[in-house]
Amino acid sequence: MRQACNGMAEDCRNILYDVFIDKTLALLDAEAEILKEMLRHGTVSAGFHAEAVRGSGRKTSVTLTWNGTDSDLIELVAALMAAGAIGTAEGRDLKIVDVIRVFEEVFHLKINALYTKRGKVFDRCTDTTPFIDSLRKSYNRMLDARLA
């Protein structure tokens, strides 16, 4: 751009330079707005990573994995929602499928046949909360070990 402008008259060069700068700044502003909206709505693409801040102030990329079953995750999300522990910043109604999709992004997984698995979790007759029961037992064991 500078090479093309150097050979032009001073008044033409200023106009072209100003147009170029204005268009570049408008493009950067648009990109910044897109990123803000992506972060606000939780639709960050795979190119972005969640960052955690260590005590020293350095940022490091953290990749979380889910080691339980799909049914365990569905049960956990349903329990968190039932307890009112999860909501939306916008105050809109929240569906379990919406929350599961967020957890899929966080844990880098895909739950196939989500509606079928959700139905099976909700239709349990005898042992209705096996994952939550195992969490309670594990947590109590950890506390007992720390206190001992």
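Each value in this text was obtained by applying a stated rule to the coordinates, not by laboratory testing. Because the structure is predicted, anything quoted here is derived from the model rather than measured. FYI the Cβ positions are ideal-geometry reconstructions off the backbone, even for glycines, and counts take in every protein chain you see.
Apply 1/(1 + (r/R0)^6) to the Cβ-Cβ distance of Ala26 and Glu90, taking R0 = 30 Å, and write down the FRET efficiency to the nearest 0.05.
Once the sixth-power term is evaluated, E becomes 0.60.
Between Thr126 and Thr65, what is the label-point separation in nm under the 7 Å Cα-to-beta-carbon projection?
If labels sit at Thr65 and Thr126, their model points lie 3.2 nm apart.
P(r) of segment 60-141 in 10 Å steps, Cα pairs, percent per bin?
With a bin width of 10 Å, the distribution comes to 15, 46, 33, 5, 0.
Just add up the charged neighbours of Leu135: K/R +1, D/E -1, any other residue whose Cβ is under 10 Å from the Cβ of Leu135.
-1
Would you kindly state how much longer the chain becomes between Leu114 and Ala79 on full extension, computed as 0.36 nm times their sequence separation minus their alpha carbon distance, in nm to one decimal?
This chain segment gains 10.9 nm when fully extended.
Only counting other Cβ atoms within 10 Å, I'd like Thr63, Thr128 sorted with the fewest neighbours first.
Neighbour counts put them in this order, fewest first: Thr63, Thr128.
What is the local net charge at Thr69, summed over the other residues whose Cβ is closer than 10 Å to its Cβ (Lys, Arg +1; Asp, Glu -1)?
Within the 10 Å Cβ shell, the charges total -2.
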